[in-house]
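Any read-out appearing in this document is the output of simple, stated calculations on the displayed coordinates, not a laboratory observation. None of these values were measured; they are calculated from a predicted model. When we count neighbours, we look across all protein chains shown, and the Cβ atoms used for this are built from the backbone with ideal geometry, even at glycine.
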Amino acid sequence: MKSIEFSKPNLPRWDSVKDKIKSIYKSGDVTNRSFRKALEILIETDLGVKHAIAFNSCTTGLILCLRALGLPKDATIGVPDFTWFSTKKAVEWCGYNVKYIDINRETFLIEDVPDDVDAVIPVHVFGNRCKVEADVPVIYDAAPAYGMPGLGKDGLASVISFSPRKTTTGIEGGVVITNNDEFADRIRSFQRYAGRMSEINAMVAIENIKRKDEILKRKKEIYEYYRKNLSGDFQKITESNYDLIGWMAPEGFADYVYNRVNELKIRRGYDQKTNLPNTTYVNQRVFRIPTFCDVDEEEVVKCITKYL
Ligand SMILES: Cc1ncc(COP(=O)(O)O)c(C=O)c1O
């Protein structure tokens, strides 16, 4: 039985990177050098933000943003519980308290920020734009959001991931973006020591950002194909890069299919810690279905439809 992969990195063409990899090897400048700087400048220009500061992962970036806020030891940070582990773990690893915030059932995004938090980390879930108003510092977890309209326009800072499954992957990597000069200085002061970005990662991210339009066009095409050909609901999209597609399977499908049919490598929701009603509702129904650029979307639909 043919199995359908959940994910495959959208790597730039070998021809566009092979000479650069050689030159990085030869030069001995393998980390935190000119490609990292070039990536930061490219992102600042592409997004129209004042500062882009690169690290080895988004998780590192989130932790450093929290540290740079200089909050009291017993601070409480608001986060959604519908997200990848890193959002919550960044808070816990800084020793702060986590306060979970429920999401909207249709958009999968948080909307309101409670009064009793010292900062908040909203997530652009699956690359769909989240926007909150708050009197406390807002650090967006923008891990899946490169290419999303409006990225970097809101909040004190946003942190992007360039890990393997992301739209413009650098194989690994994370970049903090901000328009605040003082905050940028604080984040930059960590850059020599904590989670340095390797030159190969920076170079691969650059090559992918250069072909961003081509990748985004393909992702939108895959999204539209699934919408047209699969029954069930989808995450309500406002401004998105279609990084992942949240498909709400019809009742019964989830329990029947999950973990029993090895041809369908699709992923369910997240490991949930709370009993927040909307988060639970979405978590029990949602599947993330494959959106990597060379996925055979017709085959995926055929496979899923057999079990509907
Ligand atoms: C919402 C979210 N936050 C954080 C991360 C962590 O990114 P990284 O692996 O670059 O640390 C991810 C990665 O998948 C993510 O999806």
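Computed values, structure above
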{"quantity": "HN-Hα J in Hz across segment 162-178 - Karplus 6.51, -1.76, 1.60, θ = phi - 60°, x for Gly and Pro", "calculated": "10, 6, x, 8, 7, 3, 10, 4, x, 6, 8, x, x, 10, 8, 10, 7"}
{"quantity": "Three-way shape label, the chain, alpha-carbon gyration tensor, a/c 1.5", "calculated": "oblate"}
{"quantity": "Formal net charge of residues neighbouring Asp116 (Cβ-Cβ distance under 14 Å; K, R +1; D, E -1)", "calculated": "-4"}
{"quantity": "Shape metrics for segment 139-249, restricted to C-alpha atoms - Rg then Dmax, Å", "calculated": "15.9, 50"}
{"quantity": "Contour minus Cα-Cα distance for Asp135 and Thr305 (0.36 nm per residue)", "calculated": "56.5 nm"}
{"quantity": "Nonlocal amide H pairs with Gly78, under 5 Å, H built at 1.01 Å", "calculated": "Lys99, Asp118, Ala119, Val120, Ile121"}
{"quantity": "Leading residue at positive end of dipole, the chain (Cβ point charges), from Tyr100, Phe85, Ser7", "calculated": "Ser7"}
{"quantity": "Loop sites in segment 223-255: GluC sites (Glu not before Pro), DSSP, at most 12 other Cβ within 10 Å", "calculated": "Glu251"}
{"quantity": "Relative contact order %, segment 212-305, counting alpha carbon pairs below 8 Å whose residues are six or more apart", "calculated": "34"}
{"quantity": "The chain, helix-only ellipticity at 222 nm - DSSP H runs n ≥ 4, -39,500 (n - 2.57), divided by all residues, nearest 500", "calculated": "-11000 deg cm²/dmol"}
{"quantity": "Formal net charge of residues neighbouring Lys273 (Cβ-Cβ distance under 14 Å; K, R +1; D, E -1)", "calculated": "-1"}
